[in-house]
Amino acid sequence: MSTFAITIDGVLRKQLDQTINQDGLFLYEALSYVGRVALLGSDRPDVDDRFCRINGLNRHFEIIPEAIESASTAAGRRIQQVRSMRQEGLQFVVEPDPEIALEMFRNGMTVLPYLHPRYTQPSFRPDYSSRAQPWETLISEVDYQIDMKAKQIELPTEEDE
């Protein structure tokens with residue numbers, strides 16, 4: 001059976017007002033219908049558990065808390081959350097943060113970036129600074145990975161033989 005991981009903050013829970021995100025809920029319901037769903041929580045498991053109970057989110061098999069001490073960066077902590085699931089047939093991770101998605105991709109994980117319109121424009125993000133380039137970086141990394149894969153499967157030329 002396929003396993004999927006969904007980040008609670010930014011996908012299921014609106015970060016600014018702590019309410020359910022209906023679009024994220026649709027994704028949760030759909031994925032739980034076709035496989036097993038694990039939730040990637042915050043460093044406050046009691047708050048995550050309460051949020052799920054209040055909103056009737058009961059189709060996941062576990063909430064994996066974020067361990068602040070596991071890594072110095074948010075991306076490193078997310079990778080640690082997912083690491084054990086990779087051996088259980090993890091299909092992909094639904095991640096709202098482009099920088100974290102990029103690091104997961106660089107670490108060989110399949111990532112489904114989740115973009116809510118509130119966060120599409122950099123000025124709407126809570127962590128906005130005047131210069132945003134995470135998507136440019138992600139696109140560059142995807143292009144780089146495609147180039148590397150293409151180089152691996154290039155056929156030998158007559159000169160090589």
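Below is a table of values for the structure above.
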| quantity | calculated |
| --- | --- |
| Residue among Gly89, Gly76, Gly56 that alone is small (Gly, Ala, Ser), out of contact with any Asp or Glu (no Cβ under 6 Å at 6 or more places or on another chain) and within 15 Å of Leu12 (Cβ to Cβ) | Gly56 |
| Filter result (outside any loop (DSSP other than H, G, I, E, B) and loosely packed, with under 11 Cβ neighbours inside 10 Å) within region 52-67 | Arg53 |
| Residues within region 1-21 that are hydrophobic (A, V, I, L, M, F, W, C), in a loop (DSSP other than H, G, I, E, B) and either without any contact (Cβ under 8 Å) to a residue 40 or more places away in the chain or under 16 Å from Pro96 (Cα atoms) (or both), tallied | 4 |
| Filter result (at pLDDT 85 or above, polar (S, T, N, Q) and in a helix (DSSP H, G or I)) within region 71-89 | Gln80, Gln81 |
| Cβ-Cβ under 6 Å pairs, at least 6 apart or on other chains, region 59-83 side within 12 Å of Asn107 (Cβ to Cβ), far side hydrophobic (A, V, I, L, M, F, W, C) | Ala75/Ile100; Arg78/Ile100; Gln80/Ala71; Val82/Ala5; Val82/Val93 |
| Test: residue in region 6-20 that is of a type in the set (A, V, I, L, M, F, W, C), within 18 Å of His116 (Cα to Cα), surrounded by 15 or more Cβ atoms within 10 Å (Cβ to Cβ) and at pLDDT 95 or above | yes |
| Cβ-Cβ under 6 Å pairs, at least 6 apart or on other chains, region 22-37 side in a helix (DSSP H, G or I), far side of a type outside the set (Phe, Trp, Tyr) and surrounded by fewer than 15 Cβ atoms within 10 Å (Cβ to Cβ) | Ser32/Arg59 |
| Condition check for Phe92: at pLDDT 90 or above and part of a helix (DSSP H, G or I) | no |
| So Phe61, is it among the hydrophobic types (A, V, I, L, M, F, W, C) and either at pLDDT below 70 or over 21 Å from Val47 (Cβ atoms) (or both) | no |
| Conditions (1) among the β-branched types (Val, Ile, Thr); (2) at pLDDT below 75; (3) surrounded by 14 or more Cβ atoms within 10 Å (Cβ to Cβ); number of the one not met by Val111 | (2) |
| Residues within region 22-40 that are in contact with a Phe, Trp or Tyr (Cβ under 9 Å, 6 or more places away or on another chain) and closer than 19 Å to Ile100 by Cα, tallied | 3 |
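The values are calculated or read from the model by the stated rules, or taken from the named source; none is laboratory data. These numbers were taken from a predicted model, which means no experiment stands behind them. Virtual Cβ from ideal backbone geometry, glycine too; neighbours counted across all protein chains shown.
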